[in-house]
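Worksheet: one structure, shown below.
The values are calculated or read from the model by the stated rules, or taken from the named source; none is laboratory data. Predicted, not measured: the structure shown is a model, and the values here were computed from it. Using ideal geometry, Cβ is built from the backbone for each residue, glycine included, and neighbour counts are taken over all protein chains shown. To get the accessible areas, we keep the full protein, side chains included, count just its heavy atoms, and leave off ligands, DNA and RNA. Shrake-Rupley method; radii C 1.70, N 1.55, O 1.52, S 1.80 Å.
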Amino acid sequence: MTDTRPTTRTQPAARPQPTVRTCPFDPPREYRTLRDEDPIAPVAFPDGTNGWLVTRHADVRAVLSDPRFGANRRPARATALPAGTPVPPPPPGMFLMMDAPEHTRIRRLLTGQFTVRRMRQLAPAVERIVAEHLDAMASAEQPVDLVRAFALPIPSLVICELLGVPYEDRADFQRNSSTMLRLDASQEEVQQAHLAMNRHIHELVLAKRARPTDDILSGLVQEGSLTDEEMAGVGALLLLAGHETTANMIALGTMCLLGNPGQLAALRADASLWDNAVEELLRYLTIIQFGLRRVAREDLELDGHHIEAGTTVLASLTSGNRDAEQFPGDPDQLDVLRKYSPHLAFGHGVHQCIGQQLARVEMKAALSALLDRFPTLRLAVPADQVPMRDDMLIYGVHELPVTW
Amino acid sequence: MKVIIDEDKCVGAGQCVLAAEEVFDQREDDGIVVLLDAVPSEELHSSVEDAAARCPALAIEVLK
Ligand code: SF4
């Protein structure tokens, strides 16, 4: 079954998937109209296939928690896949692209490593890493690129430490993970990058088999139910996911707070607001900018629309997180006092981000210490000259020149 | 209020612990939800409802 069968009968007027932003912090404007007028809309994806776009918070949650939808394996990048290209099976260990029971089997081996308690125990170590990088920044020549100096190294060091990947190898895997997230990378480039990352972790798995240490990869080796290929896949996925996501939330979060001085002042006046502020930044910025794709495993009805088996449904997290039904008041305004309401930044359903507690710990430690340490922190270039990551699957900034 | 959890559905995301630490915990070895208090007192009701709403796997049921 593929998602390329002609669906013109049920999809008279497919619109292109909205991708163009008019404000660096806001999702494309079109989403607002779609939520009001056409919340489940026929859409033409950049890869030439057709499907449905879901934009309301409630519908996004419904799709992502509905077992009639499977994880989609067709990449969301813009480069055209010739229509009819068969969807390949997920690579070993890529549990993000699997359904139950395979998905459950692999995910359960990892959940114990990412519990709320375990991640809180990690907080002092994260704070230490943050402080070291702030020291280094303080003595560096200004302006400093916050991404290179701070936002990327922190999650990178932490995930390497957790997994048991030598941080010295970062140049390689940071380049590979960035290729995998580039929208204009060809299918082949992405595959090459993925293979290189897998090979790297595979070698580590072999080394840890001989000499286990205290980290997640060694734990998986000792647990013994995954093949070496699966462990390599799981390790590569965690390494990739642990990198650019949190790095971009830290950098874009900083830019966003600097652009909202009232919010920043509230946080500086009351540090107890940080947990709430982290949730609000996650909601407001939702860096999985093109949403999550699912595929209908059977013919089904969704709010009166007939969706044929094999069709792709794109659940827009950015749009759902700006839905006034769920976020009363002005959802297009950052408000660190907003009462927590389930946002979609980590997805929803059985695939919801396994590293979310780690991300929370890292964001809080990094953002609060940064703004504390540099009370006069500001952008070193006009905001409209900051290079935004419109061209990446994970949104954010390519660079953030700052001074103080 | 009575709380029922479905361990088989739980995906270990920890949202319930964030929402209501007094009522939910996670098992050390596999991160699966542990119910600390099946009949939480009145003042915990809203955070328990919050936990049920946050749970991505619909593993928490609240009976009233
Ligand atoms: S929120 Fe739901 S899925 Fe997550 S740990 Fe609690 S019960 Fe399990």
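Given a Förster radius of 22 Å and the C-beta distance between B:E7 and B:K64 as r, what FRET efficiency does 1/(1 + (r/R0)^6) yield to the nearest 0.05?
0.50
Looking only at other chains, what is the average number of their beta-carbon atoms within 10 angstrom of each beta-carbon in B:31-39?
2
Under the √(5λ) rule applied to the eigenvalues of the Cα gyration tensor, what semi-axes describe the equivalent ellipsoid of segment A:355-404? Give them in Å, descending.
Each semi-axis is √(5λ); the values are 21, 20, 5 Å.
Would you mind giving the total buried accessible surface between chains B and A, with a 1.4 Å probe and ligands, DNA and RNA left out, rounded to the nearest 100 Å²?
So the total buried area for this chain pair works out to about 1900 Å².
Just to check I understand the Karplus step: with θ = phi - 60° and J = 6.51 cos²θ - 1.76 cosθ + 1.60, what whole-Hz values come out for segment B:15-28, glycine and proline as x?
Here the 3J(HN,Hα) series is 4, 5, 5, 4, 7, 8, 4, 6, 10, 10, 9, 10, 5, 4 Hz.
Give, ordered by residue number, each residue of segment A:105-125 whose 1.4 Å probe accessible area is reduced by a minimum of 20 Å² on adding the remaining protein chains to the chain alone.
Residues passing the criterion (a loss of at least 20 Å², heavy atoms only) are A:R107, A:R108, A:T111, A:G112, A:T115, A:V116, A:R117, A:R118, A:R120.
Please name whichever of A:L220, A:L317, A:A14 sits farthest to the positive end of the charge dipole of chain A, dipole taken about the Cα centre and charges placed at Cβ: Lys and Arg +1, Asp and Glu -1.
A:L220
Could you give the DSSP H helices of chain A that reach 30 angstrom or more along their long axis (alpha carbon positions) and whose average Kyte-Doolittle hydropathy is no lower than 0.0?
A:116-138
With the Cα gyration tensor of chain B giving a ≥ b ≥ c as the square roots of its eigenvalues, does the rule (a/c under 1.5 for rounded; else a/b larger than b/c for prolate; else oblate) give rounded, prolate or oblate?
Prolate.
Counting pairwise Cα distances across the protein assembly as shown, what percent come out greater than 36 angstrom?
The answer is 27 percent, as a whole percent.
Name the residues whose placed amide hydrogens come within less than 5 Å of the amide hydrogen of A:V397, ignoring near sequence neighbours (fewer than 5 apart) on the same chain.
Hits under the 5 Å cutoff: A:L252, A:R389.
Suppose we compare each residue of segment A:309-356 in its chain alone and in the full protein complex with a 1.4 Å probe; which ones drop by at least 30 Å² of accessible area?
In segment A:309-356, residues shielded by partner chains: A:Y340, A:P342, A:H348, A:V350, A:Q352.
For the protein assembly as shown, with only Lys/Arg (+1) and Asp/Glu (-1) charged at the beta-carbon, what is the dipole magnitude about the Cα centre, in debye rounded to 20?
For this selection, approximately 560 debye.
Rounded, prolate or oblate for segment A:175-298? Axes are the square roots of the Cα gyration tensor eigenvalues, ordered a ≥ b ≥ c, and the cut-off for rounded is a/c under 1.5.
Prolate, since a/c reaches 1.5 and a/b exceeds b/c.
Can you tell me how segment A:135-195 classifies by the Cα gyration tensor, rounded, prolate or oblate, using a/c under 1.5 as the rounded cut?
Oblate is the answer for segment A:135-195, as a/c is 1.5 or above yet b/c matches or exceeds a/b.
Could you give log10 I(q)/I(0) at q = 0.20, 0.24 Å⁻¹ for segment A:198-261, computed by the Debye formula over C-alpha point scatterers of equal weight, without solvent?
-0.73, -0.92
So if I restrict to the alpha-carbon atoms in segment A:279-345, what is the Rg, and what is Dmax, the biggest pairwise distance, in Å?
Computed over the Cα atoms of segment A:279-345, radius of gyration and Dmax are 14.6, 43 Å.
Taking just the alpha carbons, could you work out the radius of gyration and Dmax for segment A:116-256, both in angstroms?
Both quantities, over Cα of segment A:116-256: 16.2, 50 Å.
On a straight-distance basis, which lysines could pair with B:K2 in a cross-link, Cα separation under 23 angstrom, same-chain partners fewer than 8 positions away excluded?
Those lysines meeting the cut-off are B:K64.
Per residue, what accessible area does the protein assembly as shown have, given a 1.4 Å probe and all protein chains present, in Å²?
That works out to 42 Å² for each residue.
List the residues, sorted by chain then number, that are 5 or more residues from B:K9 or on another chain and whose placed amide H is less than 5 Å from its amide H.
none
So if each residue of separation counts as 0.36 nm, and I subtract the Cα-Cα distance between A:T33 and A:R199, what length gain in nm does that give?
Here the answer is 55.2 nm.
So how tilted is helix B:45-54 from the main axis of chain B? Cα-based, degrees 0 to 90, rounded to 10.
30
Using alpha carbons only, how many angstrom separate the centre of segment B:19-44 from the centre of segment A:219-256?
Here the two parts' Cα centres lie 27 Å apart.
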